[in-house]
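The values are calculated or read from the model by the stated rules, or taken from the named source; none is laboratory data. Predicted, not measured: the structure shown is a model, and the values here were computed from it. So basically every Cβ, Gly included, is an ideal-geometry build from the backbone, and we count neighbours across all protein chains shown.
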Amino acid sequence: MALLTISGDPASRWEEVARGAAQLLDFELVTETRLAQWMTEEFGDTPIPARAWASAAVAVLARLAREHPLLIALDGSEHLFRPAAWLLRARITTIDAHRAGNLMLDLRLEKPDALARLRELDAENKRLRKTRFSRASVDSAAFDLTLNLARTDAAQAAEMLAAAAQKRLGDQGLLSPNAADEIEFETRLELAKRGIVPARRARVTRASFGHPSEEMFANLLDFYRIHWEYEPRSFPLQWDKDGHVTEAFTPDFYLPEFDLYVELTTMKQSLVTKKNRKVKMLRAIYPHINIQVFYQKDFQDLVFKYGLRMVASS
Amino acid sequence: MIPAPENVPENIERILFTEEQVSARIAEVATEISEKYRGRDLKLIAVLKGSVFFLTALARALTIPVKIDFLAISSFGGPSNGPTPGLVRIAKDLDEPILDEDVLLVEDIVDTGFTTRYLLQTLAGRGPRSLGICTLLDRSVRRIVQVPVDFRCFEIPDRFVVGCGLDHKQLYRNLGYIAVLNPERG
């Protein structure tokens, strides 16, 4: 078991550093969304009370970390585990001018509005920390490593973190299964006292791409530090008279940052026509869903542009 | 003026915009930019190598004083240290800071938006007073990531194009016109 926790100042782009480090280390990236999915898998749909949230998170993470090294990218994640040799807790920070600049770009705001929004985000961050960990402010002593992005770009920061994690976690060994059991037992006991008992066991699932072009597209998104999820949701398109779903559509990728689904079509024309029909139905039934279709021609041009070797399409 | 057929490379399928059309349109866009930034200190930032030709033509057509700077980024499919392509990064940084400056990012083409988004994020994090985009070509039909294009010279169809800085295997950047390339020819 090896764990790296990363948190950072709002709008500092610390999430991007976390994604880069996870990619370099080949650690499983644990985001807020992913952890929420695992917690729902494990404990069901009943919301976990705020005071038990940290214990529930640790119970799930400690068990999964025995099989997969984890990079936990969550606000306040430095408080999840006690300091240990198998744990590296990092913080990403930067100056307010840069954070405001990021918001100006992301939200198309003028500088005064971006600074005001920054204050709101800082306040929201404090509230979240207070609710989950009973500590509103960030304690610099709770981190093993702090990186400032004022003069370091996200890729360099990711490399520094990956190097530090390799050095720390490689030199000082991993958490033994017995110690992991102990952490899991302690937290599950704490949860049991509150009447929270796991219904199932969450599992780490890695994207299993249906086509080589999808893997190449995922690599392209990784390269540009764009967070993606593979086939996270199916949309029912047709139902029988009893209300059972008879036809559904599962777009290939979801890009949370842009609230956008992307469908790749690298197939023969008849299948493209079928897929276009499904996309049209999806747009009609779910008008609030944004979906972009990336056609074989687009993909070939990308491959052509970047000089990559194209895998024969089916 | 359309170039004589013997001067057009064999794998050029057709000319989209002649040299004269390109120059005229750049002059129009330069007028818009000059009006918008009049009385302010504008810095044009071009991305090596493709945008250099456009930057030069645009800067010469502007009627306001401008500073220029350049940066370069690593490309997908370029050398990396592992089995995955790694992460996009700055290969050549700006020579000067841009804090509190009016910055216009000059692009040869915006298509998926991946590269432009990365560049905007990188520049926005350095605290400019304002940050805009001017592109020679906009292939918005291919857009995946939305980026705010402030000035565009031409919207182009979903074809592979070369010329005016755009290349295929580092060739054709020096063509004065913009043309559709058919790589299977020649």
Problem - Pairs where the first residue, in the stretch B:43-58, is farther than 16 Å from residue B:96 by Cα and the second is hydroxyl-bearing (Ser, Thr, Tyr) and surrounded by fewer than 19 Cβ atoms within 10 Å (Cβ to Cβ), C-beta under 8 Å, 6+ apart - result: B:57/B:23
Problem - In the stretch A:272-303, the residues that are assigned to a helix (DSSP H, G or I) and among the aromatic types (Phe, Trp, Tyr) - result: A:299
Exercise for the section: Considering only residues that are buried (at least 20 other Cβ atoms within 10 Å of the Cβ) and either touching a Cys at 6+ places or on another chain (Cβ under 9 Å) or β-branched (Val, Ile, Thr) (or both), look in the stretch B:173-186 and name the one that is farthest from the other protein chains (Cβ to nearest Cβ). Expected result: B:177
Practice task
With the condition kept exactly as written, say whether any residue in the stretch A:203-214 is more than 9 Å from chain B (Cβ to nearest Cβ), at pLDDT 85 or above and over 30 Å from residue A:39 (Cα atoms).
Solution key: no
Practice task
Specify the residue that is farthest from the chain's Cα centre (by Cα); the eligible residues are those in the stretch A:61-97 that are under 19 Å from residue A:23 (Cβ atoms) and either part of a strand (DSSP E or B) or within 14 Å of chain B (Cβ to nearest Cβ) (or both).
Solution key: A:88
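Conditions tested, residue by residue: (1) surrounded by fewer than 14 Cβ atoms within 10 Å (Cβ to Cβ); (2) within 13 Å of chain A (Cβ to nearest Cβ); (3) over 22 Å from residue A:101 (Cα atoms); (4) at pLDDT 85 or above.
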{"residue": "B:75", "(1), (2), (3), (4)": "no, yes, yes, no"}
{"residue": "B:79", "(1), (2), (3), (4)": "yes, yes, yes, no"}
{"residue": "B:83", "(1), (2), (3), (4)": "yes, yes, yes, no"}
{"residue": "B:98", "(1), (2), (3), (4)": "no, yes, no, yes"}
{"residue": "B:104", "(1), (2), (3), (4)": "no, no, no, yes"}
{"residue": "B:118", "(1), (2), (3), (4)": "no, yes, no, yes"}
{"residue": "B:134", "(1), (2), (3), (4)": "no, no, no, yes"}
{"residue": "B:152", "(1), (2), (3), (4)": "no, no, yes, yes"}
{"residue": "B:171", "(1), (2), (3), (4)": "yes, yes, yes, yes"}
Fill in the blank from the handout: Considering residues that are of a type in the set (A, V, I, L, M) and away from chain A (no Cβ under 12 Å), the number found within the stretch B:136-150 is 3
Practice task
Take the residues in the stretch A:98-119 that are in a helix (DSSP H, G or I) and of a type in the set (D, E, K, R), then tell me which one is farthest from the other protein chains (Cβ to nearest Cβ).
Solution key: A:119
Handout entry: Residue ID - farthest from the chain's Cα centre (by Cα), chosen from residues in the stretch A:14-37 that are in a helix (DSSP H, G or I) and over 23 Å from residue A:94 (Cα atoms)
Key = A:25
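From the list A:26, A:45, which residue is more than 14 Å from chain B (Cβ to nearest Cβ) and closer than 19 Å to residue A:203 by Cβ?
On the way: A:26 fails: more than 14 Å from chain B (Cβ to nearest Cβ).
Answer to the selection: A:45.
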Handout entry: In the stretch B:156-169, the residues that are more than 13 Å from chain A (Cβ to nearest Cβ) and touching a helix residue (DSSP H, G or I) at 6+ places or on another chain (Cβ under 6 Å)
Key = B:164, B:165
